[in-house]
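FYI, it's all coordinate maths here, none of it is from the lab. None of the values given here were measured: they were computed from a predicted structure. Quick reminder, even Gly has a Cβ in these numbers, built from the backbone with ideal geometry, and neighbours come from all protein chains shown.
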Amino acid sequence: MTLEEKLTALLKTICPRVKPDFAPVNTERPYITYQQIGGEAPDFLDGAVPTVENAEIQINVWADSRSAAKGLMMRIEVALIQATELQASPVSASVSDFDVDIPVYGSRQDFSVWSNR
């Protein structure tokens, strides 16, 4: 199972609507999107293939109110920190967001996530 598959499974225990990269505008709220925005690439001098992978993942939560978005992000942070299939730690605090065109409230946070390959 890949890091993203493990991440998706974990996030779906918190909210059933989880999409990589983006969700259609008419997606029922709340929902979660995520994307890989970087990460560390383990490299060994002997040419061995790494047994772990790392990704810096931005997780975005979208909801009908600011408090709902923030509350869901707080649950995600706790779940990631306590996860056993992944080792994750926050890279930053959460940031509130609002998309006036939809309109929808958001919260986003970056995590460093490690997983066995």
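Of the residues making up segment 17-39, those that are touching a residue at least 60 places away in the same chain (Cβ under 8 Å) and part of a loop (DSSP other than H, G, I, E, B) are VAL25, ARG29, GLY39. Of the residues making up segment 49-102, those that are acidic (Asp, Glu), surrounded by 14 or more Cβ atoms within 10 Å (Cβ to Cβ) and free of Cβ contacts under 8 Å to residues at least 40 places away in the same chain are GLU77, ASP97. I want to confirm something. Restricting to segment 103-117 and keeping residues that are over 30 Å from VAL49 (Cβ atoms) and touching a residue at least 40 places away in the same chain (Cβ under 8 Å), which single residue is farthest from the chain's Cα centre (by Cα)? Looking at residues that are over 30 Å from VAL49 (Cβ atoms) and touching a residue at least 40 places away in the same chain (Cβ under 8 Å), I get VAL104.
In segment 60-89, the residue that is nearest to SER115 (Cα to Cα) out of those that are touching a helix residue (DSSP H, G or I) at 6+ places or on another chain (Cβ under 6 Å) and part of a strand (DSSP E or B) is ALA88.
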